[in-house]
Amino acid sequence: MALAFDEYGRPFIILREQEQKTRLRGLDAQKANISAGTAVARILRTSLGPKGMDKMLQSPDGEVTVTNDGATILEQMDVDNQIAKLMVELSQSQDYEIGDGTTGVVVLAGALLEHAERLLERGIHPIRVAEGYEMASRIAFDHLQHIAQKFEFGLDNIEPLVRTCMTTLSSKIVNRCKRDLAEIAVKAVLAVADLERKDVNLDLIKVEGKVGGKLEDTELVYGILIDKDMSHPQMPKRIENAKIAILTCPFEPPKPKTKHKVDIDTVEKFQTLRLQEQKYFDDMVQQCKDVGATLVICQWGFDDEANHLLMHRNLPAVRWVGGVELELIAIATGGRIVPRFQELTPDKLGKAGIVREKSFGTTKDRMLYIEHCANSRAVTIFIRGGNKMMIEETKRSIHDALCVARNLIRNNSIVYGGGSAEISCSVAVEAAADKYPGVEQYAIRAFADALDSVPMALAENSGLQPIETLSAVKSQQIKENNPHCGIDCNDVGTNDMREQNVFETLIGKQQQILLATQVVKMILKIDDVISPSDF
(Lines give C-alpha, C1' and ligand atoms only; values in the text may rest on other atoms or scores of the structure.)
Protein backbone atom coordinates (compact mmCIF):
# COMPACT_ATOMS: atom_id res chain seq x y z
CA MET A 1 0.00 0.00 0.00
CA ALA A 2 1.36 3.44 -0.90
CA LEU A 3 0.18 7.02 -0.46
CA ALA A 4 0.11 9.40 -3.46
CA PHE A 5 -1.26 12.89 -4.16
CA ASP A 6 -3.31 14.11 -7.13
CA GLU A 7 -2.76 17.48 -8.85
CA TYR A 8 -4.86 19.26 -6.22
CA GLY A 9 -2.77 17.90 -3.39
CA ARG A 10 -5.44 15.47 -2.24
CA PRO A 11 -4.02 12.18 -0.93
CA PHE A 12 -5.15 8.85 -2.33
CA ILE A 13 -4.06 5.28 -1.65
CA ILE A 14 -2.59 2.96 -4.24
CA LEU A 15 -3.03 -0.72 -3.48
CA ARG A 16 -0.75 -3.30 -5.04
CA GLU A 17 -2.65 -5.84 -7.14
CA GLN A 18 -5.85 -4.02 -6.24
CA GLU A 19 -8.07 -6.20 -8.40
CA GLN A 20 -7.08 -9.23 -6.30
CA LYS A 21 -8.09 -7.64 -3.00
CA THR A 22 -11.44 -6.89 -1.40
CA ARG A 23 -11.82 -3.77 0.66
CA LEU A 24 -14.44 -2.79 3.21
CA ARG A 25 -14.55 0.72 4.61
CA GLY A 26 -16.38 2.68 7.27
CA LEU A 27 -19.64 1.29 8.60
CA ASP A 28 -19.54 -1.74 6.29
CA ALA A 29 -16.19 -2.81 7.75
CA GLN A 30 -17.45 -2.38 11.31
CA LYS A 31 -20.62 -4.32 10.59
CA ALA A 32 -18.68 -7.18 9.01
CA ASN A 33 -16.34 -7.30 12.02
CA ILE A 34 -19.20 -7.20 14.48
CA SER A 35 -21.08 -9.99 12.73
CA ALA A 36 -17.92 -12.17 12.81
CA GLY A 37 -17.52 -11.55 16.55
CA THR A 38 -21.17 -12.18 17.39
CA ALA A 39 -21.17 -15.39 15.30
CA VAL A 40 -18.49 -16.85 17.57
CA ALA A 41 -20.33 -15.69 20.69
CA ARG A 42 -23.56 -17.25 19.43
CA ILE A 43 -21.88 -20.66 19.22
CA LEU A 44 -20.78 -20.45 22.86
CA ARG A 45 -23.99 -18.92 24.16
CA THR A 46 -25.72 -22.30 24.48
CA SER A 47 -22.82 -23.71 26.55
CA LEU A 48 -23.28 -21.23 29.40
CA GLY A 49 -24.43 -22.31 32.84
CA PRO A 50 -25.28 -25.55 34.62
CA LYS A 51 -27.77 -26.59 31.94
CA GLY A 52 -25.47 -25.56 29.06
CA MET A 53 -25.02 -27.89 26.12
CA ASP A 54 -21.76 -29.59 25.12
CA LYS A 55 -20.08 -29.26 21.74
CA MET A 56 -18.53 -32.09 19.78
CA LEU A 57 -15.50 -31.14 17.71
CA GLN A 58 -13.70 -33.38 15.28
CA SER A 59 -10.11 -32.59 14.35
CA PRO A 60 -8.77 -33.17 10.82
CA ASP A 61 -7.14 -36.43 11.93
CA GLY A 62 -10.44 -37.76 13.25
CA GLU A 63 -9.94 -37.16 16.97
CA VAL A 64 -13.20 -36.23 18.69
CA THR A 65 -13.48 -33.82 21.63
CA VAL A 66 -16.69 -33.34 23.61
CA THR A 67 -16.59 -30.30 25.89
CA ASN A 68 -18.38 -27.20 27.10
CA ASP A 69 -15.23 -25.38 28.19
CA GLY A 70 -15.25 -22.13 26.18
CA ALA A 71 -11.48 -21.92 25.71
CA THR A 72 -11.24 -25.53 24.49
CA ILE A 73 -14.14 -25.15 22.01
CA LEU A 74 -12.64 -22.02 20.47
CA GLU A 75 -9.11 -23.41 20.44
CA GLN A 76 -10.22 -26.49 18.50
CA MET A 77 -12.50 -24.63 16.09
CA ASP A 78 -10.85 -23.89 12.78
CA VAL A 79 -11.33 -20.12 12.62
CA ASP A 80 -10.32 -18.16 9.51
CA ASN A 81 -11.69 -14.72 10.19
CA GLN A 82 -9.26 -12.38 11.98
CA ILE A 83 -11.95 -10.86 14.21
CA ALA A 84 -13.15 -14.32 15.22
CA LYS A 85 -9.53 -15.11 16.09
CA LEU A 86 -9.55 -12.13 18.48
CA MET A 87 -12.50 -13.77 20.28
CA VAL A 88 -10.51 -17.02 20.49
CA GLU A 89 -7.58 -15.14 22.03
CA LEU A 90 -9.99 -13.40 24.41
CA SER A 91 -11.17 -16.71 25.86
CA GLN A 92 -7.58 -17.98 26.04
CA SER A 93 -6.37 -14.94 27.96
CA GLN A 94 -9.23 -15.45 30.46
CA ASP A 95 -8.13 -19.09 30.70
CA TYR A 96 -4.45 -18.22 31.32
CA GLU A 97 -5.18 -15.52 33.85
CA ILE A 98 -8.19 -16.87 35.76
CA GLY A 99 -8.82 -20.39 34.45
CA ASP A 100 -12.60 -20.15 34.72
CA GLY A 101 -15.30 -18.06 33.01
CA THR A 102 -14.03 -18.59 29.46
CA THR A 103 -17.54 -19.01 28.01
CA GLY A 104 -19.04 -16.04 29.88
CA VAL A 105 -16.39 -13.60 28.68
CA VAL A 106 -17.06 -14.41 25.00
CA VAL A 107 -20.85 -14.21 25.48
CA LEU A 108 -20.43 -10.78 27.11
CA ALA A 109 -18.15 -9.52 24.32
CA GLY A 110 -20.65 -10.74 21.70
CA ALA A 111 -23.51 -8.91 23.44
CA LEU A 112 -21.46 -5.70 23.65
CA LEU A 113 -20.77 -5.92 19.91
CA GLU A 114 -24.46 -6.49 19.09
CA HIS A 115 -25.50 -3.43 21.08
CA ALA A 116 -22.68 -1.37 19.56
CA GLU A 117 -24.01 -2.16 16.08
CA ARG A 118 -27.37 -0.54 16.91
CA LEU A 119 -25.60 2.60 18.13
CA LEU A 120 -23.44 2.78 14.98
CA GLU A 121 -26.57 2.54 12.84
CA ARG A 122 -27.96 5.56 14.64
CA GLY A 123 -24.92 7.50 13.52
CA ILE A 124 -22.93 7.56 16.78
CA HIS A 125 -19.20 7.56 16.15
CA PRO A 126 -17.46 4.28 17.11
CA ILE A 127 -14.86 6.11 19.23
CA ARG A 128 -17.64 7.63 21.34
CA VAL A 129 -19.19 4.17 21.75
CA ALA A 130 -15.79 2.76 22.79
CA GLU A 131 -15.32 5.60 25.31
CA GLY A 132 -18.79 5.02 26.74
CA TYR A 133 -18.04 1.31 27.12
CA GLU A 134 -14.80 2.11 28.90
CA MET A 135 -16.61 4.37 31.39
CA ALA A 136 -19.30 1.76 31.96
CA SER A 137 -16.76 -1.01 32.51
CA ARG A 138 -15.10 1.09 35.26
CA ILE A 139 -18.49 1.60 36.94
CA ALA A 140 -19.23 -2.14 36.77
CA PHE A 141 -15.71 -2.98 38.01
CA ASP A 142 -16.09 -0.74 41.06
CA HIS A 143 -19.63 -1.96 41.70
CA LEU A 144 -18.41 -5.59 41.79
CA GLN A 145 -15.90 -4.55 44.45
CA HIS A 146 -18.77 -2.96 46.35
CA ILE A 147 -21.06 -6.04 46.34
CA ALA A 148 -18.24 -8.57 46.91
CA GLN A 149 -17.90 -10.38 50.21
CA LYS A 150 -14.81 -11.61 51.98
CA PHE A 151 -14.63 -15.31 52.54
CA GLU A 152 -12.70 -16.57 55.51
CA PHE A 153 -11.23 -20.05 55.30
CA GLY A 154 -8.40 -21.99 56.86
CA LEU A 155 -6.82 -25.39 56.66
CA ASP A 156 -9.48 -26.73 59.03
CA ASN A 157 -12.37 -24.85 57.41
CA ILE A 158 -12.29 -25.56 53.70
CA GLU A 159 -16.07 -25.49 53.14
CA PRO A 160 -16.10 -21.99 51.49
CA LEU A 161 -13.45 -23.10 48.97
CA VAL A 162 -15.31 -26.34 48.24
CA ARG A 163 -18.57 -24.50 47.59
CA THR A 164 -16.95 -22.12 45.14
CA CYS A 165 -15.36 -25.02 43.25
CA MET A 166 -18.75 -26.76 43.19
CA THR A 167 -20.21 -23.73 41.39
CA THR A 168 -17.50 -24.06 38.74
CA LEU A 169 -18.06 -27.79 38.33
CA SER A 170 -21.86 -27.53 38.23
CA SER A 171 -21.75 -26.29 34.62
CA LYS A 172 -19.58 -29.23 33.54
CA ILE A 173 -20.35 -32.77 32.48
CA VAL A 174 -19.08 -34.04 35.86
CA ASN A 175 -21.73 -32.21 37.90
CA ARG A 176 -23.21 -35.42 39.33
CA CYS A 177 -20.24 -35.90 41.63
CA LYS A 178 -19.17 -32.27 41.89
CA ARG A 179 -18.95 -32.42 45.69
CA ASP A 180 -16.25 -35.13 45.66
CA LEU A 181 -14.28 -33.53 42.83
CA ALA A 182 -14.46 -30.08 44.45
CA GLU A 183 -13.08 -31.51 47.71
CA ILE A 184 -10.28 -33.27 45.82
CA ALA A 185 -9.39 -30.04 43.96
CA VAL A 186 -9.37 -27.96 47.18
CA LYS A 187 -7.26 -30.50 49.10
CA ALA A 188 -4.80 -30.69 46.22
CA VAL A 189 -4.44 -26.90 46.09
CA LEU A 190 -4.05 -26.58 49.86
CA ALA A 191 -1.41 -29.34 49.83
CA VAL A 192 0.82 -27.29 47.50
CA ALA A 193 -0.23 -23.78 48.59
CA ASP A 194 1.99 -21.33 50.40
CA LEU A 195 -0.71 -19.64 52.51
CA GLU A 196 1.61 -17.00 53.96
CA ARG A 197 2.65 -15.74 50.52
CA LYS A 198 -0.84 -16.45 49.13
CA ASP A 199 0.70 -18.30 46.26
CA VAL A 200 -0.04 -21.65 44.61
CA ASN A 201 2.20 -23.41 42.11
CA LEU A 202 -0.22 -25.48 40.02
CA ASP A 203 2.71 -27.24 38.32
CA LEU A 204 3.07 -29.32 41.47
CA ILE A 205 -0.40 -30.80 40.93
CA LYS A 206 -0.31 -33.54 38.32
CA VAL A 207 -3.56 -34.72 36.77
CA GLU A 208 -3.46 -38.30 35.50
CA GLY A 209 -6.27 -40.28 33.92
CA LYS A 210 -6.90 -43.94 33.21
CA VAL A 211 -9.83 -45.37 31.26
CA GLY A 212 -11.91 -47.82 33.27
CA GLY A 213 -13.65 -47.57 36.61
CA LYS A 214 -16.22 -44.91 37.35
CA LEU A 215 -15.95 -41.20 37.97
CA GLU A 216 -16.50 -41.75 41.71
CA ASP A 217 -13.22 -43.72 41.81
CA THR A 218 -11.26 -40.52 41.18
CA GLU A 219 -8.76 -40.09 44.03
CA LEU A 220 -6.16 -37.70 45.36
CA VAL A 221 -2.73 -39.25 45.83
CA TYR A 222 -0.40 -37.45 48.25
CA GLY A 223 2.62 -38.19 46.17
CA ILE A 224 3.40 -38.99 42.57
CA LEU A 225 1.71 -41.39 40.22
CA ILE A 226 3.59 -42.58 37.14
CA ASP A 227 2.18 -44.61 34.32
CA LYS A 228 4.96 -47.19 34.48
CA ASP A 229 5.57 -50.49 36.20
CA MET A 230 8.61 -52.28 37.59
CA SER A 231 10.92 -53.24 34.73
CA HIS A 232 10.83 -56.95 35.66
CA PRO A 233 7.64 -58.80 36.66
CA GLN A 234 9.41 -60.60 39.53
CA MET A 235 10.66 -57.47 41.25
CA PRO A 236 8.90 -56.61 44.53
CA LYS A 237 5.58 -54.77 44.05
CA ARG A 238 5.77 -52.87 47.31
CA ILE A 239 8.79 -51.15 48.82
CA GLU A 240 8.53 -49.46 52.22
CA ASN A 241 10.82 -46.63 53.32
CA ALA A 242 12.22 -46.52 49.81
CA LYS A 243 15.46 -44.69 49.06
CA ILE A 244 15.25 -43.70 45.42
CA ALA A 245 18.14 -43.04 43.04
CA ILE A 246 16.92 -40.78 40.20
CA LEU A 247 19.19 -41.27 37.18
CA THR A 248 19.39 -39.61 33.80
CA CYS A 249 22.26 -41.82 32.63
CA PRO A 250 21.56 -45.07 30.74
CA PHE A 251 21.73 -48.19 32.88
CA GLU A 252 23.78 -50.27 30.44
CA PRO A 253 27.42 -50.77 29.42
CA PRO A 254 28.87 -47.70 27.66
CA LYS A 255 28.83 -47.70 23.89
CA PRO A 256 31.68 -45.84 22.16
CA LYS A 257 30.50 -42.89 20.10
CA THR A 258 33.01 -43.51 17.29
CA LYS A 259 32.31 -45.86 14.41
CA HIS A 260 34.02 -49.01 15.48
CA LYS A 261 34.21 -52.66 14.67
CA VAL A 262 35.17 -55.48 16.98
CA ASP A 263 36.44 -58.65 15.38
CA ILE A 264 35.58 -61.69 17.44
CA ASP A 265 36.90 -64.89 15.90
CA THR A 266 37.02 -67.18 18.92
CA VAL A 267 34.62 -68.15 21.68
CA GLU A 268 37.11 -67.00 24.29
CA LYS A 269 37.12 -63.43 22.94
CA PHE A 270 33.33 -63.34 22.98
CA GLN A 271 33.32 -64.67 26.53
CA THR A 272 35.80 -61.99 27.60
CA LEU A 273 33.66 -59.26 26.02
CA ARG A 274 30.53 -60.55 27.71
CA LEU A 275 32.22 -60.77 31.09
CA GLN A 276 33.63 -57.27 30.60
CA GLU A 277 30.15 -55.88 29.89
CA GLN A 278 28.74 -57.75 32.85
CA LYS A 279 31.46 -56.32 35.09
CA TYR A 280 30.60 -52.78 33.92
CA PHE A 281 27.03 -53.42 34.78
CA ASP A 282 27.80 -55.06 38.12
CA ASP A 283 29.83 -51.98 39.06
CA MET A 284 26.89 -49.73 38.22
CA VAL A 285 24.50 -51.81 40.34
CA GLN A 286 27.06 -51.97 43.15
CA GLN A 287 27.45 -48.19 43.12
CA CYS A 288 23.68 -47.84 43.56
CA LYS A 289 23.68 -50.44 46.32
CA ASP A 290 26.64 -48.83 48.13
CA VAL A 291 24.87 -45.50 48.56
CA GLY A 292 21.87 -47.34 49.99
CA ALA A 293 19.38 -47.09 47.11
CA THR A 294 16.47 -49.54 47.26
CA LEU A 295 14.80 -48.35 44.03
CA VAL A 296 16.24 -46.93 40.82
CA ILE A 297 14.19 -44.65 38.55
CA CYS A 298 15.89 -44.19 35.20
CA GLN A 299 15.10 -41.81 32.34
CA TRP A 300 16.49 -44.26 29.77
CA GLY A 301 15.87 -47.93 29.15
CA PHE A 302 18.01 -50.99 29.77
CA ASP A 303 18.11 -54.20 27.82
CA ASP A 304 16.79 -57.58 28.94
CA GLU A 305 20.14 -58.79 30.23
CA ALA A 306 20.51 -55.72 32.41
CA ASN A 307 16.94 -56.22 33.61
CA HIS A 308 17.67 -59.83 34.55
CA LEU A 309 20.84 -58.85 36.44
CA LEU A 310 19.02 -56.10 38.35
CA MET A 311 16.40 -58.61 39.43
CA HIS A 312 19.11 -61.03 40.63
CA ARG A 313 20.93 -58.30 42.54
CA ASN A 314 17.63 -57.35 44.28
CA LEU A 315 17.54 -53.81 42.96
CA PRO A 316 14.04 -52.89 41.74
CA ALA A 317 14.08 -50.45 38.82
CA VAL A 318 11.69 -48.39 36.68
CA ARG A 319 12.71 -47.40 33.17
CA TRP A 320 11.65 -44.83 30.55
CA VAL A 321 10.32 -42.24 33.00
CA GLY A 322 9.74 -38.85 31.33
CA GLY A 323 11.66 -35.71 32.25
CA VAL A 324 8.70 -33.84 33.78
CA GLU A 325 7.82 -36.82 35.96
CA LEU A 326 11.46 -37.16 37.06
CA GLU A 327 11.43 -33.53 38.18
CA LEU A 328 8.19 -34.01 40.11
CA ILE A 329 9.57 -37.17 41.75
CA ALA A 330 12.73 -35.26 42.71
CA ILE A 331 10.63 -32.41 44.22
CA ALA A 332 8.35 -34.81 46.10
CA THR A 333 11.00 -37.15 47.48
CA GLY A 334 13.58 -34.47 48.14
CA GLY A 335 16.09 -36.27 45.91
CA ARG A 336 18.50 -34.94 43.32
CA ILE A 337 18.59 -35.96 39.67
CA VAL A 338 21.97 -37.65 39.05
CA PRO A 339 23.48 -37.43 35.55
CA ARG A 340 26.50 -39.77 36.19
CA PHE A 341 27.03 -42.84 38.34
CA GLN A 342 30.22 -41.36 39.77
CA GLU A 343 28.19 -38.55 41.34
CA LEU A 344 25.81 -40.80 43.30
CA THR A 345 26.01 -40.03 47.02
CA PRO A 346 23.63 -40.99 49.86
CA ASP A 347 22.39 -37.39 50.30
CA LYS A 348 21.16 -37.29 46.67
CA LEU A 349 18.67 -40.11 47.23
CA GLY A 350 14.98 -39.33 47.45
CA LYS A 351 12.95 -40.77 50.32
CA ALA A 352 9.41 -42.10 50.08
CA GLY A 353 7.37 -43.85 52.78
CA ILE A 354 5.94 -46.36 50.37
CA VAL A 355 6.30 -47.20 46.67
CA ARG A 356 3.69 -49.62 45.39
CA GLU A 357 2.53 -50.95 42.07
CA LYS A 358 -1.20 -51.11 41.50
CA SER A 359 -2.92 -53.01 38.71
CA PHE A 360 -6.30 -52.07 37.29
CA GLY A 361 -9.19 -54.29 36.38
CA THR A 362 -8.52 -57.49 34.50
CA THR A 363 -6.02 -55.88 32.15
CA LYS A 364 -2.24 -55.74 32.49
CA ASP A 365 -2.42 -51.98 33.17
CA ARG A 366 -0.21 -51.10 36.10
CA MET A 367 0.82 -47.82 37.64
CA LEU A 368 3.37 -46.89 40.25
CA TYR A 369 2.34 -44.91 43.36
CA ILE A 370 5.10 -43.06 45.21
CA GLU A 371 3.50 -41.91 48.48
CA HIS A 372 4.30 -40.45 51.91
CA CYS A 373 7.25 -38.58 50.47
CA ALA A 374 9.77 -36.52 52.37
CA ASN A 375 8.36 -33.33 50.85
CA SER A 376 4.64 -33.80 50.36
CA ARG A 377 4.25 -30.66 48.26
CA ALA A 378 3.62 -32.55 45.06
CA VAL A 379 0.29 -34.30 44.66
CA THR A 380 -1.52 -36.17 41.90
CA ILE A 381 -5.20 -36.24 41.03
CA PHE A 382 -5.98 -39.60 39.50
CA ILE A 383 -9.14 -39.61 37.37
CA ARG A 384 -11.11 -42.68 36.34
CA GLY A 385 -13.87 -42.69 33.75
CA GLY A 386 -15.78 -44.75 31.23
CA ASN A 387 -14.00 -43.52 28.12
CA LYS A 388 -11.16 -41.28 26.98
CA MET A 389 -13.40 -38.31 26.17
CA MET A 390 -14.92 -38.37 29.64
CA ILE A 391 -11.47 -38.38 31.23
CA GLU A 392 -10.23 -35.51 29.04
CA GLU A 393 -13.32 -33.43 29.89
CA THR A 394 -12.92 -34.22 33.60
CA LYS A 395 -9.28 -33.05 33.38
CA ARG A 396 -10.45 -29.73 31.91
CA SER A 397 -13.13 -29.39 34.61
CA ILE A 398 -10.63 -30.16 37.39
CA HIS A 399 -8.25 -27.57 35.89
CA ASP A 400 -11.00 -24.93 36.19
CA ALA A 401 -11.72 -25.95 39.80
CA LEU A 402 -7.99 -25.84 40.69
CA CYS A 403 -7.70 -22.35 39.19
CA VAL A 404 -10.74 -21.12 41.13
CA ALA A 405 -9.32 -22.46 44.41
CA ARG A 406 -5.98 -20.82 43.61
CA ASN A 407 -7.68 -17.47 42.88
CA LEU A 408 -9.55 -17.61 46.19
CA ILE A 409 -6.28 -18.18 48.04
CA ARG A 410 -4.77 -15.17 46.26
CA ASN A 411 -7.82 -12.99 46.87
CA ASN A 412 -10.62 -14.35 49.04
CA SER A 413 -13.40 -12.04 47.79
CA ILE A 414 -16.41 -13.64 46.13
CA VAL A 415 -19.52 -12.47 44.31
CA TYR A 416 -22.66 -14.54 43.90
CA GLY A 417 -23.26 -16.44 40.67
CA GLY A 418 -26.35 -17.30 38.66
CA GLY A 419 -26.12 -13.99 36.79
CA SER A 420 -26.82 -12.02 40.01
CA ALA A 421 -23.56 -10.05 39.78
CA GLU A 422 -24.24 -9.10 36.14
CA ILE A 423 -27.82 -7.99 36.90
CA SER A 424 -26.61 -5.92 39.86
CA CYS A 425 -23.89 -4.29 37.71
CA SER A 426 -26.43 -3.65 34.97
CA VAL A 427 -28.72 -1.80 37.42
CA ALA A 428 -25.77 0.23 38.76
CA VAL A 429 -24.49 1.14 35.27
CA GLU A 430 -28.01 2.12 34.13
CA ALA A 431 -28.38 4.40 37.17
CA ALA A 432 -24.98 6.01 36.56
CA ALA A 433 -25.72 6.73 32.87
CA ASP A 434 -27.79 9.83 33.72
CA LYS A 435 -24.73 11.55 35.18
CA TYR A 436 -23.06 11.71 31.74
CA PRO A 437 -24.50 14.47 29.54
CA GLY A 438 -22.72 13.54 26.26
CA VAL A 439 -23.37 10.92 23.60
CA GLU A 440 -21.49 8.44 25.78
CA GLN A 441 -24.58 7.87 27.93
CA TYR A 442 -26.15 5.90 25.06
CA ALA A 443 -23.14 3.60 25.04
CA ILE A 444 -23.27 3.30 28.84
CA ARG A 445 -26.93 2.23 28.63
CA ALA A 446 -26.05 -0.22 25.87
CA PHE A 447 -23.37 -1.68 28.17
CA ALA A 448 -26.00 -2.17 30.88
CA ASP A 449 -28.26 -3.98 28.39
CA ALA A 450 -25.35 -6.15 27.23
CA LEU A 451 -24.62 -7.22 30.84
CA ASP A 452 -28.16 -8.61 30.96
CA SER A 453 -27.31 -11.02 28.15
CA VAL A 454 -25.42 -13.36 30.52
CA PRO A 455 -28.37 -14.01 32.90
CA MET A 456 -30.65 -14.09 29.85
CA ALA A 457 -28.53 -16.86 28.27
CA LEU A 458 -28.55 -18.73 31.61
CA ALA A 459 -32.35 -18.58 31.71
CA GLU A 460 -32.62 -19.59 28.06
CA ASN A 461 -30.33 -22.60 28.51
CA SER A 462 -32.31 -23.70 31.57
CA GLY A 463 -35.53 -23.83 29.55
CA LEU A 464 -37.10 -20.84 31.36
CA GLN A 465 -38.85 -17.89 29.69
CA PRO A 466 -35.77 -15.64 29.26
CA ILE A 467 -37.25 -12.13 29.24
CA GLU A 468 -39.93 -12.86 31.84
CA THR A 469 -37.43 -14.51 34.23
CA LEU A 470 -34.86 -11.75 33.82
CA SER A 471 -37.35 -8.93 34.44
CA ALA A 472 -38.73 -10.71 37.52
CA VAL A 473 -35.24 -11.16 39.03
CA LYS A 474 -34.21 -7.61 38.11
CA SER A 475 -37.29 -6.04 39.72
CA GLN A 476 -36.74 -8.23 42.80
CA GLN A 477 -33.14 -6.99 43.06
CA ILE A 478 -34.22 -3.35 42.80
CA LYS A 479 -37.20 -3.75 45.17
CA GLU A 480 -35.30 -5.58 47.91
CA ASN A 481 -31.97 -3.87 47.17
CA ASN A 482 -30.47 -7.37 47.26
CA PRO A 483 -27.59 -8.00 44.82
CA HIS A 484 -27.71 -11.78 45.45
CA CYS A 485 -30.83 -12.57 43.41
CA GLY A 486 -29.98 -14.56 40.29
CA ILE A 487 -31.48 -17.01 37.82
CA ASP A 488 -32.72 -20.20 39.47
CA CYS A 489 -31.22 -22.55 36.84
CA ASN A 490 -31.58 -25.75 38.83
CA ASP A 491 -35.20 -25.07 39.80
CA VAL A 492 -34.47 -25.14 43.51
CA GLY A 493 -37.31 -22.74 44.22
CA THR A 494 -35.36 -19.72 45.47
CA ASN A 495 -33.65 -16.90 43.58
CA ASP A 496 -31.32 -16.03 46.44
CA MET A 497 -27.90 -17.33 45.43
CA ARG A 498 -26.69 -17.23 49.03
CA GLU A 499 -29.16 -19.97 49.91
CA GLN A 500 -28.19 -21.92 46.79
CA ASN A 501 -24.48 -21.56 47.64
CA VAL A 502 -23.58 -20.41 44.13
CA PHE A 503 -20.36 -18.37 44.30
CA GLU A 504 -17.82 -17.04 41.85
CA THR A 505 -14.49 -15.38 42.47
CA LEU A 506 -14.43 -11.59 42.37
CA ILE A 507 -11.22 -11.36 40.31
CA GLY A 508 -12.69 -13.77 37.74
CA LYS A 509 -15.77 -11.58 37.22
CA GLN A 510 -13.80 -8.34 37.11
CA GLN A 511 -11.38 -9.81 34.59
CA GLN A 512 -14.30 -10.90 32.40
CA ILE A 513 -15.70 -7.39 32.21
CA LEU A 514 -12.32 -5.73 31.58
CA LEU A 515 -11.19 -8.21 28.92
CA ALA A 516 -14.51 -8.19 27.04
CA THR A 517 -14.53 -4.36 26.99
CA GLN A 518 -10.94 -4.17 25.73
CA VAL A 519 -11.56 -6.54 22.84
CA VAL A 520 -14.82 -4.81 21.85
CA LYS A 521 -13.08 -1.41 21.87
CA MET A 522 -10.39 -2.81 19.63
CA ILE A 523 -12.90 -4.26 17.16
CA LEU A 524 -14.90 -1.00 17.04
CA LYS A 525 -11.84 1.03 16.12
CA ILE A 526 -11.23 -0.90 12.88
CA ASP A 527 -12.80 0.95 9.95
CA ASP A 528 -10.86 -0.31 6.93
CA VAL A 529 -10.34 -3.96 6.08
CA ILE A 530 -8.21 -4.92 3.09
CA SER A 531 -8.07 -8.66 2.52
CA PRO A 532 -7.00 -10.88 -0.37
CA SER A 533 -10.10 -11.88 -2.33
CA ASP A 534 -11.11 -15.53 -2.37
CA PHE A 535 -10.63 -17.28 -5.69
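Using a 1.4 angstrom probe with every protein chain in place, what is the largest-first accessible-area order of Arg45, Arg336?
Numbers: Arg45 65, Arg336 145 Å².
Descending order: Arg336, Arg45.
What angle, in degrees between 0 and 90 and rounded to the nearest 10, separates the Cα long axis of helix 420-433 from the longest principal axis of the Cα atoms of the chain? Once rounded, one gets 40 degrees. Remark: region 366-457 is approximated by an ellipsoid whose semi-axes, taken from the C-alpha gyration tensor as √(5λ), come to 46, 18, 9 Å, largest first.
Taking every protein chain into account, the 1.4 Å probe leaves His115 with about 30 Å² of accessible area, to the nearest ten. Under the definition of Cα pairs under 8 Å and six or more residues apart, what whole-number percent is the relative contact order of region 286-329? RCO, region 286-329: 46 percent. Relative to the dominant Cα principal axis of the chain, helix 388-410 is inclined by about 70°. One Cα centroid belongs to region 511-527, the other to region 1-66; the line between them spans 15 Å. Remark on region 223-375: ratio of C-alpha radius of gyration to 2.2 N^0.38 Å is 1.12. Accessible surface for Lys51 stands near 90 Å², nearest 10, in the context of the full protein assembly shown (1.4 Å probe). A Cβ-based charge dipole, computed about the Cα centre of region 424-504 with Lys and Arg at +1 and Asp and Glu at -1, lands at about 220 debye. What whole number of Å gives the distance from the Cα centroid of region 78-155 to the Cα centroid of region 371-444? Region 371-444 and region 78-155 have Cα centres spaced 14 Å from each other.
For the set Met53, Met389, the ranking by accessible area, highest first and with no ligand, DNA or RNA atoms included, is Met53, Met389 under a 1.4 Å probe.
Viscosity 1.567 mPa s, temperature 4 °C: Stokes-Einstein D of region 425-529 from its Kirkwood Cα radius, in µm² per second? Kindly include the intermediate steps, with their values, before the conclusion.
On the way: Rh = 15.5 Å.
Approximately 83 µm²/s, per Stokes-Einstein.
For region 279-351, divide the Cα radius of gyration by the Kirkwood radius and give the resulting Rg/Rh value with two decimals. Let's see the in-between values first.
On the way: Rg = 11.9 Å, Rh = 12.7 Å.
Radius of gyration relative to Kirkwood radius: 0.94.
Dipole orientation for region 223-375: of the candidates Thr363, Val285, Gly323, Gly323 has the Cα lying most toward the positive pole (charges on Cβ; Lys, Arg +1; Asp, Glu -1).
At 1.4 Å probe radius, can you tell me the per residue accessible area of the chain in Å²? If you can, show how the numbers build up before the last one.
Values: 26190 Å² over 535 residues.
Per residue, the chain has an accessible area of 49 Å².
The Ala29 and Glu89 beta-carbon pair, evaluated with R₀ = 22 Å, returns a calculated FRET efficiency of approximately 0.65.
Compute for region 71-207: radius of gyration divided by Kirkwood radius, i.e. Rg/Rh, restricted to C-alpha atoms, rounded to two decimals.
Ratio value, two decimals: 1.05.
Dipole magnitude for region 398-535: computed about the Cα centre from +1 point charges on Lys and Arg Cβ and -1 point charges on Asp and Glu Cβ, it is near 540 debye. Dipole size of the chain about its Cα centre, with +1 on Lys/Arg Cβ and -1 on Asp/Glu Cβ: approximately 1040 debye, rounded to the nearest 20.
Residues Lys358, Lys521, Lys435, sorted by accessible area with the largest first, give Lys435, Lys358, Lys521 [1.4 Å probe; ligands and nucleic acids excluded].
When only Cα pairs below 8 angstrom with a gap of at least 6 residues are kept, region 122-275 shows a relative contact order of 11 percent. Ranking Gln149, Cys165, Val66 by how far each Cα lies toward the positive end of the dipole of the chain (charges on Cβ) leaves Cys165 at the top. Among the protein heavy atoms, those of Glu17 account for about 90 Å² of accessible surface (1.4 Å probe, every chain in place). Stokes-Einstein, applied to the Kirkwood radius of the chain over Cα pairs at a viscosity of 1.002 mPa s and 20 °C, places its translational diffusion at 79 µm² s⁻¹. Rolling a 1.4 angstrom probe over the chain with all protein chains present gives an accessible area of which 50% lies on carbon and sulfur atoms. Anisotropy class assigned to region 135-198 is oblate, per the alpha carbon gyration tensor with a/c at or over the 1.5 cut-off and a/b no larger than b/c. Helix 466-480 sits at what angle to the longest principal axis of the chain, using alpha carbons and giving 0 to 90 degrees rounded to 10? The angle comes out near 80 degrees.
The values are calculated or read from the model by the stated rules, or taken from the named source; none is laboratory data. Everything numeric in this text was worked out from a predicted model, so none of it was measured. Quick reminder, even Gly has a Cβ in these numbers, built from the backbone with ideal geometry, and neighbours come from all protein chains shown. All accessible areas refer to the heavy atoms of the entire protein, side chains included, with ligands and DNA or RNA removed. Shrake-Rupley method; radii C 1.70, N 1.55, O 1.52, S 1.80 Å.
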